[in-house]
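Take a look at the structure below.
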Amino acid sequence: MAQKGSLKSGKKNKAGEPELEPLCCCEYIDRNGEKNHVAAFLCDCQDLDEGCERWITCKSVQPETCERIMDTISDRLRIPWLRGARKVNISIIPPLVLLPVFLRVASWHFLLGVVVLTSLPVLALWYYYLTHRRKERTLFFLSLGLFSLGYMYYVFLREVVPKGRVGPARLALLTCGLFLILLALYRAKKNPGYLRNPASEDTPPGSHRTEGPDRTGPKTKGFPLSGEVWGALSSRPLRDDQKGSSRLLAGSPVKAKEDWCAQCQLVRPARAWHCRICGICVRRMDHHCVWINGCVGECNHQAFILALSIFLLTSVYGITLTLDTICRDRSVFTALFYCPGVYAEYSSALTFTCVWYSAIITAGMGYIFLIQLINISYNVTEREVQQALRQKTGRRLLWGLIVDTGQYNRGFLRNWHQFSTLGTAPFPHPAEDIV
């Protein structure tokens, strides 16, 4: 049994403060600030004991108890590491275990394949809406995407390449596409354009800034505005209304409240928004993407589009090579729906199941890519589209596939030129774009 207790102080440093004893590779500091050991994973957990007891006696477990059990498990799930055990995010584990199991079960029979490949997107969407409703960040989808790439490549090397239909040049091209996807994802994971409060950067943590009476400007309902903030807002130009019949002062209290972020304590520029999942404002925020576990904004939108395009090309190329190997003398579309004898061998059945799994993922990513291309062509972000649909202010085309707000649309070529310059230098917005 591992010993559990508060941290002991050792020698004092030069400042006179006690130094903490170093941790061994299997020790860590838990969420209660106490030293714990990885061997004590199931020890001293009242919530887990209560949940198991109620489960054995066929009694219902309260949702609060389940949440506490999951919090305890996620805090204690660690691996030994230098200078203390490292915490493992529990959301990355299910894809590593369930994906190979589901695909291998689906390759046993055609009907099992239909059931499994239909249930996988449903389970993924259910988990997405669950985490999105709770406003929680999760590594599940990033882990699923990366592991899917690795596992599909492993099956391709193990089952497709030995059949002799794929030459070294084609294999090298597919491998280069895989590495380019990883490089584009790495770039898309960079800073999307976070907005920092200059006052909070200059002020030491824990200290609070106070404004004198002479520096306080007009107040809006819910927050005060300092003199500098109010001057910046009131100095903004006017913007024509969509109907052209009325004008809205950018410095009005209503508009000032929209631009002010109470969480970040700053005035947002045009098209910036606060992400409730990341907990910070993002410049020209498009949306929060679960596949990169971060926001898509001004500084990483191009890399996000590049990653999508490379993935689609590489995935379609890999699917084509695989179907050409296991279903010879048939077109890709025909082989995808009719490939006789594919379930005669387990090897070809597993390969065909992975092809269908890749096709489903590719179709989903293709839809996202199409929506992104449409939004860029009309110079509108996904967040602005959702806001226009809620307020019924946008113009809907093609059964709602296209939503044109008309606010920043400057034509197809100018819209794409503006997108190509995102994150490189400040773009000179016209006066009517400044809101």
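The values are calculated or read from the model by the stated rules, or taken from the named source; none is laboratory data. If you're wondering where the values come from, they're calculated on a predicted model, not measured in any experiment. So basically every Cβ, Gly included, is an ideal-geometry build from the backbone, and we count neighbours across all protein chains shown. Ligands, DNA and RNA are excluded from the accessible area calculation, which covers all protein heavy atoms including side chains. Shrake-Rupley method; radii C 1.70, N 1.55, O 1.52, S 1.80 Å.
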>> Place a point 7 Å from Cα of R54 in the direction of its Cβ. Which residues in the stretch 68-83 have their backbone N less than 11 Å from it?
In response: 68-69
> Can you give the alpha-carbon Rg of the stretch 353-411 over 2.2 N^0.38 Å, where N counts its residues?
Replying inline: 1.37
> Please state the Cα pair-distance histogram of the stretch 296-382 with 5 angstrom bins from zero: what percent is in each bin?
Replying inline: 3, 13, 21, 19, 12, 10, 9, 7, 5, 2, 0
>> How large is the translational diffusion coefficient of the stretch 21-165 in µm² per second when you combine the Kirkwood radius over alpha carbon pairs with Stokes-Einstein at 4 °C and 1.567 mPa s?
In response: 70 µm²/s
> Under a 5 Å amide H to amide H cut-off, with H placed in plane at 1.01 Å, what residues pair with E27 once short-range neighbours are removed?
Replying inline: G84, A85
> So what are the ³J(HN,Hα) numbers for the stretch 121-132, from phi and the Karplus equation (6.51, -1.76, 1.60; θ = phi - 60°), rounded to whole Hz, Gly and Pro as x?
Replying inline: x, 5, 5, 5, 5, 4, 5, 5, 5, 5, 6, 5
>> What does the extension gain come out to for Q62 and L130, with contour length at 0.36 nm per residue minus their alpha carbon separation?
In response: 22.7 nm
>> Given the whole protein assembly as supplied and a 1.4 Å probe, what does the accessible area of L180 come to in Å², nearest 10?
In response: 90 Å²
> Carbon-plus-sulfur fraction of the accessible area of the stretch 21-130, 1.4 Å probe, in percent?
Replying inline: 66 percent
> What accessible area per residue, rounded to a whole number of Å², is obtained for the stretch 312-376 using a probe radius of 1.4 Å?
Replying inline: 47 Å²
>> Could you check the spin-label model distance between Q386 and Y317? Points 7 Å from the Cα along Cα→Cβ, value in nm.
In response: 3.4 nm
> For the stretch 87-161 and the stretch 332-400, what is the separation of their C-alpha centers, rounded to whole Å?
Replying inline: 17 Å
>> Using amide H atoms built in the peptide plane, which far-off residues or other-chain residues are under 5 Å from C275 H to H?
In response: I280, C281, V282
> How high is the relative contact order of the stretch 308-423, in percent, counting Cα pairs under 8 Å that sit 6 or more residues apart?
Replying inline: 21 percent
>> Over 10 Å intervals from 0, what percent of Cα-Cα pairs in the stretch 90-179 sits in each interval?
In response: 14, 37, 32, 15, 3
